[in-house]
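Below you'll find the structure, written out as structure tokens, and then a few comments.
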Amino acid sequence: MSTMLEKVSCFKTKTKSKGPFESRSSLCSSTSPEKYEVFLSFRGADTRKNFVSFLYKELKAKGIRTFKDDKSLVCGRQIAPEILQAIKGTKIAVVVVSPTYPASYWCLEELVMTLKQEKENVLTVVPIFYEVEPFDLKRQTGKLVEQFKKHERRHSIERVNSWRDALTRLATLSGDCSKSWENDATLVDRITERVSEMLSTVTLSNGVQVSGIWGRGNKGRSALARHVYQNISTNFDAHCFLEDVRRISLYLQEELLSNMKGEGLSTRSSHMCLDAIKARLGNKKILLVANHVDSIEKLEALADEFGWFGPGSRIIIITQDKQLLSSWGVKSVYEVELLRCCEVGKLWRSEAFKQKDDHVDAELSTYRPKNLPDKSEGNCSVQLIDGDGTYNVSGIDHFIKEVKLGECGLSYAVVSIMGPQSSGKSTLLNNLFGTNFMEMDAFKGRSQTTKGIWLARCAGIEPCTLVMDLEGTDGRERGEDDTAFEKQSALFALAISDIVLINMWCHDIGREQAANKPLLKTVFQVMMRLFSPRKTTMLFVIRDKTRTPLENLEPVLREDIQKIWDSVPKPEAHKETPMSDFFNVEVVALSSYEEKEEQFKEQVASLRQRFMHSIAPGGLAGDRRGVIPASGFAFSADQIWRVIKENKDLDLPAHKVMVATVRCEEISNEKFAHFITNEDWRKLDEEVQAGPVSGFGKRLTSILGSCLSEYDGEATFFDEGVRSSKRHQLEEKLLQLVNPAFQDVLGHIRWGMLEKFKASFDKALEIGEGFSSASTTWLKACMDQFDEECAGAIIEQANWDTAKVREKLVRDIEAHVSSVRTSKLSELTSQYETKLHQALSEPVEALLEGASDQTWTTVKKLHGRETETAVSGFSSALAAFDIEEETREKMVKSLQEYSRGVIESKAKEEAGRVLMRMKDRFATIFSNDADSMPRVWTGNEDLRAITKAARSASLKLLSVMAVMRLGDETDNIEKTLTVALLDSTPSKKSITASDPLASSTWDEIPSSRTLITPVHCKSIWRQFKTETEYTVTQAISAQAWLLYSQEANKRGSNWLPPPWAIFALIILGFNEFMTLLRNPLYLGVLFVGFLLLKALWTQLDIPGEFRNGALPGIISISAKFVPTIMNLVKNLAAQGEAPPAANPENRRPSNNTSSSASSSDNPIEHKSASKTD
């Protein structure tokens, strides 16, 4: 059925949403878009040449109509109309999500639209996760993170969020993952079977299609429907063509069953008959054509709702009542124009007449024109306005495409003819212009032949000439009072025609009541309604000319015309305007067609020559200044007719601007839509998204130029102001469309130049080129190349400035240079700080370890020398970085401060080890002689002097480490420490004198220079003395033992008893002495007494007391004797109660010797120690 309807171009489809009777196989005309069952959404770069191609092939093999965009998907900035229409028209969408699918905003937009349809239950989405995991889509992890970051840089947040939601929603739908299948072939089979099952379910529930054929008039529809019926009926299980459904329903049902099954059925109830129809025809594939349906009741009585017909059944309802089809729910409606198109004529000759169908021939006989030209002759006719005043939009559009009027520009003319009914207008036009207008059949009587306004193209006349055949005046069909259509059609003809033919009879010339006078009055009256009308040629054609010469008839005719013009009421502005300002009046006479046919044809052929090149200067056509370009003719005529129908005055100049506005807008939109789908643009945009594109500007300029040139070519004849304005709007839309691609190109160039600068700059630094020169050289080189590449990306139609991108590149490069400079300066600073640390740390440590009067002077000189060397090299290195003087000075100062910090740090570190250093120095001096040789104790050394010298050296170290002395300042710290810690003369100190070390700061020394506070020095000295006391005691003990050993050796060499033994023997006598020897207890008592006496001798310091004289010594000893005795007793008692000491060295009996050595430096301390002992 579709194939046959495609042959009939006078059908037009009213495309609407699908109704309850539509199936997925729709009845369509040649102008209807193809319907699809499955829509494939995929990323071409991943799957077009492999998985999707296999899937598409299998679906096609199953007979499933599948939409697959074979063009590159990443193109314009919005979904192409055909893709959008395909999504809305399919039942199933198979979405193949591949790794780079989310990277394409085109694919994401498709997905959003698809899921929107799915949410509205319009289609079903079948997701296929090809080499991706649904979990990654749902969580949007992995590569999706980077892909969406790129989207966020190019698109709005709202748009990107809608894509995120769509991917998340898709991941929750039930689908197949390719990683779960062994191979792609198995997966393709699975998807194909699944889709096929889903479509089968849809088909079974919606398999009956009801279509309608509607048209005005009472003939033509039936002939066409029967023609279609005869060609497709063999494809159905049962079929029936009901000629007239206006008969009663019971008879209808009988006829239906009879035609379907070949046997009659007589029933008394229509309901019973319906049951019989269901029983016999249920589940069969039926073709039913119902002609002349005039009420819904007839349809209901015929077959209820046809829901019980078998899948694939087709019901065609033919009616004049369009509202009946809408009420019944028929959505697929075909509107039939009256059968006047040349394609229909060709179909008649090739199909209907060849079959010798009497019924069809009878149907078409009234509409068969005489002298029907062949289509190849270039003519074609269409009813422009029907008798009811309805403008045939679809018919004129098809006509213009057929005759290719849009290609003519301003090179066309419009000729119209007016005249009384049955005056031979159509005959004249057919002979004069080779048209195929319907002519009256004289044998069937005189009646209205032309109804409304018909339009045809002349054959063989250049330029392109359109001829309008107006309905005749004075027709009895409209009556005497219905003159509205006559005036409207006359005004319409005058508004759009260059030449108006006035067809009149020769015998009416000079008659007061001639048939043409009302027509002329009508023409002149409506002319007044045109604001600024263009000058029209009015060619009076005198028909059936008699013997009276034309030169005698013409003056009379012109006089009559002038009288009519004078009698017509005129606006105030045109009361004195002559008729010649409005019309060029021409007169021509023709012989009778019926009586003098050959002469008539010769005269017509001569007149035809006048229409050749009619629009040339001096041609037959009148004023051409207000001509509408041919591509806007249909719209202009439609708008003019609307104004006339609404009984408004026509403002032709304003109308010209309005037509230009609408047509230029249409052309602009058409070119914009073509640009979006332009293969070159789509390919270029895809390349841009993939990476840098060479020659982008030249290629895009060419594409845009072609688009704008096409617009200029089609809109060139319209009003210049409107044309330019719409061109500017089109250009802005195109530039707005391509701007993101342009920005992407600039982004690629900027990124490439930035990466090149980084690589080149780093390489230059690696080979030793100066920082400043390297950055300057490569910045200039990269910016020059950037400018060169930007020049190649510039679009000639756009005045886009790349300055912002250039500035951003400069900022990026400067940021990188700054980053590298900071890094290099940090490395350089670290390098010189390391050198300074190495040059100062160990030498300063060595100098401080051997502290002397010149230590800080040497340290200061070392610091100055090394700092100056480092600063010099550092400053030279900084010169290559081209930094500001202030910054350079800060960095140099920072290095100098670091140098000082190294010394301060090392000084503080050494100050923390001062006690250890003091003990080491004390041990060194105390244990070594002047030649630094280990001291050998002979017993003759002056321990007091050695100890004092060692302690003085240690105190010297403490004074040196107490404060830092890197400046020229002087201090008396050494003197203060000596007086407070080393000078032990009691007479020099007052009991009430203040302690100079009882403070946390040194006099006139800032805390920043202080390393060891006075109170800390005192604490260190006390700890130092305590820890070195043992060394001194050991030395004293060693010396005493040495002396004792020497004395013992001397005694050992003598054979005589000791002197005391001899003395005791003499005093006691031999017997008592022997008794004493025999009784050791006596010896113990004597020994204890000796010890007591020795202790008193030591505690009282008897030798010392007698240094100042005998009398002072006796007085002093007598004063201290009793307290000393009491103190000894208490100490002995306390030692007896105390537990024994763990260290046997602490129980040495020679404390008196140690005390005497220690007391040599500080008598006060000696006394305190003695009391403690």
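Return the only residue of Val125, Val112 being at pLDDT 85 or above, open to solvent by less than 20 Å² (accessible area, probe 1.4 Å), hydrophobic (A, V, I, L, M, F, W, C) and in contact with a helix residue (DSSP H, G or I) (Cβ under 9 Å, 6 or more places away or on another chain).
The unique qualifying residue is Val125.
Return the residue satisfying two criteria in turn: it lies in region 508-567 and is modelled with pLDDT of 65 or more and among the small types (Gly, Ala, Ser), and of such residues it is most open to solvent (accessible area, probe 1.4 Å).
Looking at residues that are modelled with pLDDT of 65 or more and among the small types (Gly, Ala, Ser), I get Ser567.
Could you check how many residues of region 47-63 are open to solvent by 40 Å² or more (accessible area, probe 1.4 Å) and either touching a residue at least 60 places away in the same chain (Cβ under 8 Å) or of a type in the set (A, V, I, L, M) (or both)? Give the derivation first.
Going through region 47-63, the residues open to solvent by 40 Å² or more (accessible area, probe 1.4 Å) turn out to be 48-50, 54, 56-58, 60-63.
Cutting the leftovers down to either touching a residue at least 60 places away in the same chain (Cβ under 8 Å) or of a type in the set (A, V, I, L, M) (or both) gives us 50, 54, 58, 61-62.
Total meeting the criteria: 5.
In the same structural domain as Ser423 (by the TED database) and either touching a residue at least 24 places away in the same chain (Cβ under 8 Å) or in contact with a Cys (Cβ under 7 Å, 6 or more places away or on another chain) (or both), is that true of Lys570? If you could, list the steps in order and put the result at the bottom.
On the way: in the same structural domain as Ser423 (by the TED database): yes; either touching a residue at least 24 places away in the same chain (Cβ under 8 Å) or in contact with a Cys (Cβ under 7 Å, 6 or more places away or on another chain) (or both): yes.
Yes.
Residue by residue through region 743-780, note down the ones that are part of a helix (DSSP H, G or I), of a type outside the set (Asp, Glu) and exposed (fewer than 15 other Cβ atoms within 10 Å of the Cβ). Break it down stepwise before answering.
We begin by selecting, within region 743-780, every residue part of a helix (DSSP H, G or I); these are 743-766, 771-780.
Of the ones still in play, those that are also of a type outside the set (Asp, Glu) are 743, 745-754, 756-761, 763-765, 771-780.
Trp751, Ala759, Lys763, Ser773, Thr776, Lys780 - these are the residues of region 743-780 that are part of a helix (DSSP H, G or I), of a type outside the set (Asp, Glu) and exposed (fewer than 15 other Cβ atoms within 10 Å of the Cβ).
Can you give me the ranges of the helices (runs of 4 or more DSSP H) entirely in region 118-195 with at least 3 residues that are in contact (Cβ under 8 Å) with a residue 40 or more places away in the chain and over 25 Å from Ala86 (Cα atoms)?
Working: elements: 134-139, 143-154, 157-172.
Because the criterion is at least 3 residues that are in contact (Cβ under 8 Å) with a residue 40 or more places away in the chain and over 25 Å from Ala86 (Cα atoms), the helices (runs of 4 or more DSSP H) in region 118-195 that meet it are 143-154.
So Glu710 passes all but one of these: (1) assigned by the TED database to the domain that holds Arg750; (2) among the acidic types (Asp, Glu); (3) within 29 Å of Lys535 (Cβ to Cβ); (4) surrounded by 15 or more Cβ atoms within 10 Å (Cβ to Cβ). Which condition number does it fail?
(3)
Here is a check on your reading of the model: is Ser984 modelled with pLDDT under 75 and closer than 17 Å to Lys948 by Cβ?
On the way: modelled with pLDDT under 75: yes; closer than 17 Å to Lys948 by Cβ: yes.
For Ser984, the condition - modelled with pLDDT under 75 and closer than 17 Å to Lys948 by Cβ - is met.
Tell me the residue from Ile417, Ile461 that is within 23 Å of Gly632 (Cα to Cα), in contact with a Leu (Cβ under 6 Å, 6 or more places away or on another chain) and modelled with pLDDT of 80 or more, please. Before the answer, list the steps.
Working: Ile461 fails: in contact with a Leu (Cβ under 6 Å, 6 or more places away or on another chain).
Exactly one of Ile417, Ile461 is within 23 Å of Gly632 (Cα to Cα), in contact with a Leu (Cβ under 6 Å, 6 or more places away or on another chain) and modelled with pLDDT of 80 or more, namely Ile417.
I'd like the residue in region 861-879 that is of a type in the set (Ser, Thr, Tyr) and surrounded by fewer than 14 Cβ atoms within 10 Å (Cβ to Cβ) and, out of all such residues, is farthest from Phe771 (Cα to Cα).
First pass over region 861-879, keeping only residues of a type in the set (Ser, Thr, Tyr): 867, 869, 872, 875-876.
From the residues that got through so far, the ones that are surrounded by fewer than 14 Cβ atoms within 10 Å (Cβ to Cβ) too are 872, 876.
Working: Ser872: 18, Ser876: 13 Å.
The selected residue is Ser872.
On the given criteria, is Arg811 free of Cβ contacts under 8 Å to residues at least 24 places away in the same chain and part of a helix (DSSP H, G or I)?
Working: free of Cβ contacts under 8 Å to residues at least 24 places away in the same chain: yes; part of a helix (DSSP H, G or I): yes.
For Arg811, the condition - free of Cβ contacts under 8 Å to residues at least 24 places away in the same chain and part of a helix (DSSP H, G or I) - is met.
For residues in region 600-628 being over 18 Å from Ser416 (Cα atoms) and under 60 Å from the mean Cα position of the chain (by Cα), which is surrounded by the most Cβ atoms within 10 Å (Cβ to Cβ)?
Residue satisfying both the conditions and the ranking: Ala616.
Residue by residue, here is whether (1) in contact with a Leu (Cβ under 7 Å, 6 or more places away or on another chain); (2) more than 23 Å from Leu429 (Cβ to Cβ) holds:
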position: Val541; (1), (2): yes, no
position: Glu551; (1), (2): no, yes
position: Ile561; (1), (2): yes, no
position: Ile564; (1), (2): yes, yes
position: His574; (1), (2): no, yes
position: Met579; (1), (2): no, yes
position: Glu586; (1), (2): yes, no
position: Glu595; (1), (2): no, no
position: Gly619; (1), (2): no, no
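Which is out of contact with any His (no Cβ under 8 Å at 6 or more places or on another chain), at pLDDT below 85 and exposed (fewer than 14 other Cβ atoms within 10 Å of the Cβ), of Ala945, Ala930?
Numbers: Ala945 fails: at pLDDT below 85.
Answer to the check: Ala930.
Inspect all residues belonging to region 839-859 and state whether any of them is more than 30 Å from His816 (Cβ to Cβ), in contact with a Pro (Cβ under 7 Å, 6 or more places away or on another chain) and aliphatic (A, V, I, L, M). Spell out the reasoning first.
Taking region 839-859 first, the residues more than 30 Å from His816 (Cβ to Cβ) are 839-859.
So of that shortlist, the ones also in contact with a Pro (Cβ under 7 Å, 6 or more places away or on another chain) come out as none.
No.
Residues checked against (1) open to solvent by less than 90 Å² (accessible area, probe 1.4 Å); (2) more than 26 Å from Glu941 (Cβ to Cβ); (3) modelled with pLDDT under 80:
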{"residue": "Leu1011", "(1), (2), (3)": "yes, yes, no"}
{"residue": "Tyr1030", "(1), (2), (3)": "no, no, no"}
{"residue": "Lys1050", "(1), (2), (3)": "no, no, yes"}
{"residue": "Gly1089", "(1), (2), (3)": "yes, yes, yes"}
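Considering only residues that are at pLDDT 75 or above and assigned to a loop (DSSP other than H, G, I, E, B), look in region 442-458 and name the one that is most open to solvent (accessible area, probe 1.4 Å).
Let us first name the residues in region 442-458 that are at pLDDT 75 or above, namely 450-458.
So of that shortlist, the ones also assigned to a loop (DSSP other than H, G, I, E, B) come out as 450-452, 458.
Details: Thr450: 15, Lys451: 103, Gly452: 0, Cys458: 4 Å².
If we take residues in region 442-458 being at pLDDT 75 or above and assigned to a loop (DSSP other than H, G, I, E, B), then Lys451 is most open to solvent (accessible area, probe 1.4 Å).
Go through (1) crowded, with 20+ Cβ neighbours inside 10 Å; (2) more than 27 Å from Asp397 (Cα to Cα) for Phe718 and report which single condition fails.
(2)
Just one of (1) open to solvent by 50 Å² or more (accessible area, probe 1.4 Å); (2) closer than 15 Å to Cys107 by Cα; (3) of a type in the set (Val, Ile, Thr) trips up Ile157, so point out which.
So the condition that Ile157 fails would be (2).
Mind listing whichever residues of region 459-475 are touching a Phe, Trp or Tyr at 6+ places or on another chain (Cβ under 8 Å), surrounded by fewer than 24 Cβ atoms within 10 Å (Cβ to Cβ) and closer than 22 Å to Met504 by Cα?
Once the filter is applied, which keeps residues that are touching a Phe, Trp or Tyr at 6+ places or on another chain (Cβ under 8 Å), surrounded by fewer than 24 Cβ atoms within 10 Å (Cβ to Cβ) and closer than 22 Å to Met504 by Cα, region 459-475 yields only Glu471.
Under the condition of being part of a loop (DSSP other than H, G, I, E, B) and of a type outside the set (Ser, Thr, Tyr), which residue from region 962-978 is nearest to Arg913 (Cα to Cα)?
That would be Met964.
Among the listed residues Val693, Val688, identify the single one that is of a type in the set (A, V, I, L, M), closer than 19 Å to Glu796 by Cα and open to solvent by 20 Å² or more (accessible area, probe 1.4 Å).
Details: Val688 fails: open to solvent by 20 Å² or more (accessible area, probe 1.4 Å).
None of the others qualify; the one that does is Val693.
Quick check on my filter: what residues within region 679-695 are assigned to a helix (DSSP H, G or I) and of a type outside the set (A, V, I, L, M)?
Looking only at region 679-695, we keep the residues that are assigned to a helix (DSSP H, G or I), and these are 679-690.
Within region 679-695, Glu679, Asp680, Trp681, Arg682, Lys683, Asp685, Glu686, Glu687, Gln689 meet the criteria.
Cβ-Cβ below 7 Å, separation at least six or inter-chain, first residue in region 903-924 and in contact (Cβ under 8 Å) with a residue 12 or more places away in the chain, second of a type in the set (Ser, Thr, Tyr) and surrounded by 14 or more Cβ atoms within 10 Å (Cβ to Cβ): which pairs?
So the pair list comes out as Lys906/Ser841; Met918/Ser954; Lys919/Thr1028; Arg921/Ser954; Phe922/Ser954; Phe922/Thr1028; Ala923/Thr1031.
The values are calculated or read from the model by the stated rules, or taken from the named source; none is laboratory data. Bear in mind that the values here come from a model prediction, so they are computed numbers and not experimental data. Glycine also receives a Cβ, built like all others from the backbone with ideal geometry; neighbour counts cover every protein chain displayed. When the accessible area is computed, the model is the full protein with side chains, heavy atoms only, and any ligands, DNA or RNA have been set aside. Shrake-Rupley method; radii C 1.70, N 1.55, O 1.52, S 1.80 Å.
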